[in-house]
Amino acid sequence: MIHVKLASKAYDVVIASGVRHQVGERLATIWQPRQVMIVTDQNVGPLYLADVSASLAQHGFTVHTTTVPAGETSKSLQMVEQIVGEMAAYGFTRQDAIVALGGGVVGDLTGVIASLYMRGIAFAQIATSLTAQVDASVGGKTAVNMATVKNIMGSFYQPDMVLIDPDFLQTLSDRDLVEGYAEVVKTSVLAGGDFWRLTGDIKTVAAIRERAETLITKSVLYKRDIVVADEKEGGVRKYLNFGHTLGHAIELMAHGELRHGEAVAIGMVAISERFEKAGITESGITALLRDRLVAVGLPVASPLIGQAAFYDHLKNDKKNAAGTLQLVAISVPGQPTIVQKDLADMPAFVESR
């Protein structure tokens, strides 16, 4: 169990095999019996929704459920409005709660709803994908998309509890597992030390599965420390955006052909190549990063980088401050830094590889 203690709130992240069977028991330790809306998607629901619903009902909760289409299209204001309407129809009040059962998309969507419904309602995360388990479920970032802008509307809204069961990963395809591993590699290069060495030892998808609990725990511990130091992303939390500025642009341009983690993998290598050439990243780090990603089948390059639409998407990046991007560079593993780059200079920077 990892404790997250912020100035305004504290909660636990429970990482344990089999915890998915204890949802009702765990949430009953922090919530009185109440109405609960479970939000899941069409991939996760058929696998786990019945068991989670039954567990909550056994501990006195009145359970309602809603299932959204799988994928980024569900992160929309239209879906927020639909689920808020369902909750209102059931008579949900501020004393009730909402639970995300799924990956990062479901977690982001549910978090937005939790932050908005009657100006804030109790919220828990049951993270079923590796992406959600190592990154999206921890730290309180919530968001939905517009058609051409990713995560443009959202809030910082912390959950009351996060439940992570590595056994959920058994039902993930290799591709879905590996896209989450890109976030693990990202965190390992930010952390350096033993964590960076650990990802260097991972050479196969099977190894990710075998060492999942350790990889998840190390990722959450690092993110916990960052979030406690900087909840609202005014300083060191920006480090967690390594690879994301370029990655988000690529992801949007791919129109669903790339998963989030795949785009981040490409973004990490692309930004490191440029910073290595500029002398900010130590020589050879990009190759070590690339090797970790390629070993498990992640993409590390894309022809979308440098197209006109690529620069258009950078304008809407959250790290854009009055025309200046806050780019994350890795000097050496364990030593991230922020490099400011004017948007007008990005074409020359990107083409400098």
Self-check item: Failed item in (1) assigned to a helix (DSSP H, G or I); (2) under 28 Å from residue 105 (Cα atoms), with residue 336 passing the rest
Solution: (1)
Quiz prompt | Hits in segment 62-84 - residues which are of a type in the set (D, E, K, R) and surrounded by fewer than 15 Cβ atoms within 10 Å (Cβ to Cβ) | solution = 81
Quiz item: If you check 297, 234, which single one turns out to be more than 25 Å from residue 141 (Cβ to Cβ) and surrounded by fewer than 20 Cβ atoms within 10 Å (Cβ to Cβ)?
Solution: 297
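The rows are residues; the columns are (1) assigned by TED's automatic domain parsing to the domain that holds residue 237; (2) within 28 Å of residue 213 (Cα to Cα); (3) without any contact (Cβ under 8 Å) to a residue 12 or more places away in the chain; (4) among the aromatic types (Phe, Trp, Tyr).
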| position | (1), (2), (3), (4) |
| --- | --- |
| 31 | no, yes, no, yes |
| 35 | no, no, no, no |
| 95 | no, no, no, no |
| 136 | no, yes, no, no |
Exercise. Within segment 257-277, work out how many residues are out of contact with any helix residue (DSSP H, G or I) (no Cβ under 7 Å at 6 or more places or on another chain) and either under 24 Å from residue 146 (Cβ atoms) or polar (S, T, N, Q) (or both).
Key: 1
Quiz item: Does at least one position in segment 155-168 carry a residue that is crowded, with 19+ Cβ neighbours inside 10 Å and in a helix (DSSP H, G or I)?
Solution: yes
Quiz item: What do you reckon, is residue 216 buried (at least 21 other Cβ atoms within 10 Å of the Cβ) and touching a Pro at 6+ places or on another chain (Cβ under 7 Å)?
Solution: yes
Practice problem: Tell me which residues, restricted to segment 287-312, are within 23 Å of the chain's Cα centre (by Cα) and either part of a helix (DSSP H, G or I) or small (Gly, Ala, Ser) (or both). | Solution: 289, 290, 291, 292, 293, 294, 295, 297, 301, 302, 310
Practice problem: Please find, within segment 136-151, the residue that is surrounded by the fewest Cβ atoms within 10 Å (Cβ to Cβ) out of those that are aliphatic (A, V, I, L, M) and modelled with pLDDT of 85 or more. | Solution: 146
Quiz item: Which members of segment 332-352 meet the condition of being out of contact with any helix residue (DSSP H, G or I) (no Cβ under 7 Å at 6 or more places or on another chain), more than 22 Å from residue 189 (Cα to Cα) and either touching a residue at least 24 places away in the same chain (Cβ under 8 Å) or hydrophobic (A, V, I, L, M, F, W, C) (or both)?
Solution: 344, 348, 351
Self-check item: Only one of 314, 293, 298, 289 that is of a type in the set (A, V, I, L, M) and either within 22 Å of residue 148 (Cα to Cα) or not assigned by TED's automatic domain parsing to the domain that holds residue 234 (or both)
Solution: 314
Practice problem: For segment 50-69, name all the residues that are part of a strand (DSSP E or B) and either under 15 Å from residue 39 (Cβ atoms) or not assigned by TED's automatic domain parsing to the domain that holds residue 80 (or both). | Solution: 63, 64, 65, 66, 67, 68
Quiz item: On the given criteria, is residue 57 modelled with pLDDT of 95 or more, within 29 Å of residue 16 (Cβ to Cβ) and crowded, with 19+ Cβ neighbours inside 10 Å?
Solution: no
Quiz item: Counting only residues that are outside any helix (DSSP H, G or I) and in contact (Cβ under 8 Å) with a residue 60 or more places away in the chain, which one in segment 254-286 is surrounded by the fewest Cβ atoms within 10 Å (Cβ to Cβ)?
Solution: 256
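Condition check ((1) farther than 20 Å from residue 40 by Cα; (2) out of contact with any Ser or Thr (no Cβ under 6 Å at 6 or more places or on another chain)) across all residues:
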site	(1), (2)
80	no, yes
87	no, yes
119	yes, yes
125	no, no
166	no, no
172	no, yes
187	yes, no
Practice problem: Among the candidates 84, 80, 106, single out the residue that is assigned to a helix (DSSP H, G or I), β-branched (Val, Ile, Thr) and farther than 26 Å from residue 134 by Cα. | Solution: 84
Exercise. Scan segment 185-210 and report the pairs whose first residue is under 14 Å from residue 297 (Cβ atoms) and assigned by TED's automatic domain parsing to the domain that holds residue 300 and whose second residue is charged (D, E, K, R) and not in a helix (DSSP H, G or I), with Cβ atoms within less than 8 Å and a gap of 6+ or a chain change.
Key: 202/211
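The values are calculated or read from the model by the stated rules, or taken from the named source; none is laboratory data. Because the structure is a prediction, the values reported are computed rather than measured. Cβ atoms come from the backbone with ideal geometry, glycine included; neighbour counts cover every protein chain shown.
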